[in-house]
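Down below is the structure, laid out as C-alpha cells.
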Amino acid sequence: MAVYDLYSTRQRRLRGEEHDVYQYEEIPEKLKVQIVHILDRALGDKKLASIKTSDVSKAYRVIVNILREDIGVFFLPPSRNAHVEPYEELFGYFLFAKDVEKCLDIIDLSFGLVNRATRYFDYMGRRDYEERADEAIADLNIRFKDNGVGFQFVDGELIRIDSELLHAEAVKPALRLLNTKQYAGPHQEFISGYDHYRAGKNKEALNDCLKSFESTMKAICEKRGWESKSGDGAKQLIDILFEKGLVPPFWQNQFAHLRGLLESSIPTGRNKQSGHGQGATPTTVPDHMAAYMLHMTASTLVFLTTAEQSLP
C-alpha cells in the first residue's frame, strides 16, 4: 500500500506548509503511529502476531529480545506482564518511549528486519515479498519527510540527513555506487561516518570520511591495476589517479582547482579537527562541520567512482 497523496496534504503543499528544515530531537506521536501501520503491512498486524507459532510472531519476538538485552530489562517498559505478546510489548514501548535514540533503535531494527526477512514470510500469499519490503521502506522515508524528521532508511541503514538536495544528489548516489564488492570497504566506512554523526560522534565521523575517501581511491587503483603502496595516503593516491588519466588531459586545467580540493578538503578537515592530539583544551567538531564534510565526501566519491566507470 503506497502512501496516499490526500487532498489536505496537497493543500498544505500548495500553501507552502511543507517542512523545509529537518529536526532530529523528537519522533512525533503521529509519525510513530504511521510507522506502526507500515510495519503492520510489512511484517504483519496484531492478529497475525498473536499466533505464537507464526513467522510474524517470531519476527516481533526477535526485535523484542534484542531490545530487552540491550536495555538490560526482562520486559520492555511500560509492560510488566510476561504474557504480553511481542507485538504489544514492542509497540507499547515504541509509543511510550520519549528518547529519540530509543525510537530510532526500534525503527532501525524493525526496518532492518523488513529489509532482510520479509521475502521469507508466507502469510499473505498474494504479492512478491521483496516488493512489499521495498514499498514499506519507501513509505517510511515519505513519512519521515512529511513529518520534518531528518532521517531516511537507505541501503539497509538508518541515516541522518541535513540537506534534502545534497542527500538526493550526493549521498544516495555515493551509497549506490559504493554498494558493490569492489567498494565494500569504503561503503562500510562511509556508512560508519553517518552512524557516528547520528550519534553525535563528529570526530569519528571525520575520521571515517577520510578512510572512505582513501579506500575508494585504493579500490580504484586495485580495480584498474594501477600500482600503489599500502602506506599511500590521500595525496599520493590523488597523484596516481591524475597521472593515470582519471580526469582527461584536456580537462586538467579546468580541474586544477579540483585537485587542490581533493588534496586539502577532506584530509585537512579531518587532520585539523580530529586526526591529531588535541592538546590541553579538548577540540569540538560542530554538527555543521561534520555534515559539510560528509556531504563533501559523498560528492567526491560520486565523482571518483563515476569517472572510473567512464574510462575505457
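The values are calculated or read from the model by the stated rules, or taken from the named source; none is laboratory data. Everything numeric here is computed off the predicted structure, so don't read it as measured data. Ideal geometry is used to build each Cβ from the backbone, glycine not excepted, and the neighbour counts take in all protein chains shown. With ligands, DNA and RNA removed, areas are computed over all heavy atoms of the protein, side chains included. Shrake-Rupley method; radii C 1.70, N 1.55, O 1.52, S 1.80 Å.
Select from segment 180-206 the residues that are out of contact with any helix residue (DSSP H, G or I) (no Cβ under 6 Å at 6 or more places or on another chain) and in a helix (DSSP H, G or I) and list them in ascending order.
At the first step, the residues of segment 180-206 found to be out of contact with any helix residue (DSSP H, G or I) (no Cβ under 6 Å at 6 or more places or on another chain) are 180-181, 184, 188, 191, 194-195, 198-201.
Across segment 180-206, the qualifying residues are 181, 184, 188, 191, 194, 195, 198.
Residues being open to solvent by less than 60 Å² (accessible area, probe 1.4 Å) and assigned to a helix (DSSP H, G or I): count how many of those fall in segment 221-236. Quick ask: steps written out before the conclusion?
Restricting attention to segment 221-236, the residues satisfying the condition of being open to solvent by less than 60 Å² (accessible area, probe 1.4 Å) are 221, 226, 228, 232-234.
If we keep only those that are assigned to a helix (DSSP H, G or I) too, we end up with 221, 234.
The number of residues fulfilling the criteria is 2.
Of the residues making up segment 67-102, those that are farther than 19 Å from residue 57 by Cβ and not in a helix (DSSP H, G or I) are 72, 73, 77, 78, 80, 97, 98, 99.
Condition first: of a type in the set (A, V, I, L, M, F, W, C), over 20 Å from residue 140 (Cα atoms) and open to solvent by less than 70 Å² (accessible area, probe 1.4 Å). Now tell me which residues in segment 42-61 satisfy that. Steps first, answer last, please.
First, pick out the residues of segment 42-61 that are of a type in the set (A, V, I, L, M, F, W, C): 42-43, 48-49, 51, 56, 59.
Applying the additional criterion that residues be over 20 Å from residue 140 (Cα atoms) yields 48-49, 51.
Residues satisfying the conditions are 48, 49.
Looking for whichever is modelled with pLDDT of 90 or more and assigned to a helix (DSSP H, G or I) here; the options are 177, 166, 140. Which one fits? Before the answer, list the steps.
Working: 177 fails: modelled with pLDDT of 90 or more; 166 fails: modelled with pLDDT of 90 or more.
Sole residue among the options that is modelled with pLDDT of 90 or more and assigned to a helix (DSSP H, G or I): 140.
Taken residue by residue, segment 70-92 has at least one member that is out of contact with any Phe, Trp or Tyr (no Cβ under 9 Å at 6 or more places or on another chain) and on the phi > 0 side of the Ramachandran plot.
Contact map, segment 222-250: residues that are over 17 Å from residue 303 (Cβ atoms) paired with residues that are surrounded by 10 or more Cβ atoms within 10 Å (Cβ to Cβ), Cβ distance under 6 Å, separation 6+ or inter-chain. Pairs shown: 226/240; 226/244; 228/221; 228/240; 235/263. When the test is whether a residue is within 24 Å of residue 180 (Cβ to Cβ), at pLDDT 85 or above, open to solvent by less than 60 Å² (accessible area, probe 1.4 Å) and not in a helix (DSSP H, G or I), residue 304 does not pass it. Against the list (1) crowded, with 18+ Cβ neighbours inside 10 Å; (2) at pLDDT 95 or above, the condition residue 79 fails is (2). Taking the conditions exactly as written (open to solvent by less than 80 Å² (accessible area, probe 1.4 Å) and at pLDDT 80 or above), does residue 117 satisfy them or not? The answer is no for residue 117.
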